[in-house]
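Report on the structure given below.
Nothing in this text is a laboratory measurement; each read-out follows from the coordinates by a stated rule. This structure is a prediction, so every number in the text was calculated from the model and none was measured. Backbone-built Cβ (ideal geometry, glycine too); neighbour counts: all protein chains shown.
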Amino acid sequence: MWPDFFIVGAPKCGTTALSEYLRAHPQVGFSRPKEPHYFCTDFSPRFGQVSTEDEYRACFAHVPGNVRAIGEASVWTMFSNEAVPNLLRVAPHARLIAMIRNPIDLVRSHHTQLLYTRDETVADLAAAWALQGERAAGRSLPRSCREPRILQYAQVAALGTQVARLRALVPAERLHVIVFDDLVRDPGAVYARVLGFLDLPDDGQHNFTVINEAREHRSTLLGDFVQRPSPGLVRNTLALRDRLGLRRLGVLDRLREWNTRSATRSSMAPALRVEIGAALRDDVALLSDQLGRDLRAWLDPSGSGTRS
């Protein structure tokens with residue numbers, strides 16, 4: 001069983017919210033886990049949750065045979081150089097949903113998420129942004145980072161480039177682009193358009209709660225332990241689980257839950273906002289051209305043209 005629709009990214013653009021809304025639709029089957037990243041073959045093997053076709057197909061084993069649409073939401077698909085061509089080889093008629101947002105806000109949210117997953121260890125965004133050149137050369141990389149490319153903040157936020165590449169690969173009738181601002185402003189209308197794109201009936205859903213708010217660790221030391229447990233610990237835990245005849249122990253899950261709290265959103269320094277905006281100005285212009293929508297207000301140094 002292959003999916004027939006994919007939410008392809010970008011990260012921190014509302015993909016989790018949309019996938020949860022669609023998961024609740026009675027005619028939709030959704031992967032478990034949400035982000036298998038099977039097709040990102042240019043990423044480190046440490047990054048993906050599944051690596052073989054059998055493992056990938058198992059992500060949909062729970063889906064009943066009578067649903068009208070089957071999907072997944074690996075948020076790095078659009079960023080990957082190889083993922084979209086890979087998925088189109090096995091699902092040539094698939095429909096793709098891309099989600100975008102103000103790239104300056106994406107950089108900030110992405111940095112917060114990487115601190116939580118411990119792929120990033122530099123807590124100051126300006127310092128992390130300044131390290132991109134050093135890291136592109138393979139230096140100053142956190143040992144816990146699963147894939148160095150996700151630390152290239154400007155490339156991750158170059159959504160115009162990514163959308164243009166998508167449009168070159170996927171016919172217009174099979175590509176639907178959602179702007180995060182619209183999702184925040186009127187999630188019901190965005191959801192209705194997605195149902196139309198996927199040829200799904202209205203399921204009467206009207207409760208569109210905020211999902212996947214920014215998170216941080218109470219203790220970074222404990223965060224390192226639960227996000228990146230040592231291989232030896234994982235092996236021993238699995239052996240204990242098997243000896244006890246349990247499906248799972250859930251210890252790490254409970255520790256993660258206890259150690260997680262909502263992150264405090266700090267304002268971005270005006271100088272940094274200007275610097276990031278200048279680096280991404282041409283890409284925002286490209287994105288505006290691709291979508292036929294003027295997005296230049298996103299680069300307002302005051303941040304007034306954004307939704308966080």
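Just a few scattered comments:
- Stretchable slack from D300 to V67, in nm (0.36 nm times residue separation minus alpha-carbon distance): 79.4 nm
- Summarising the amide proton neighbourhood of V177: residues at separation of 5 or more, or on other chains, whose placed amide H is nearer than 5 Å comprise A98.
- A58/H93 FRET efficiency (R0 35 Å; Cβ-Cβ; nearest 0.05): 0.95
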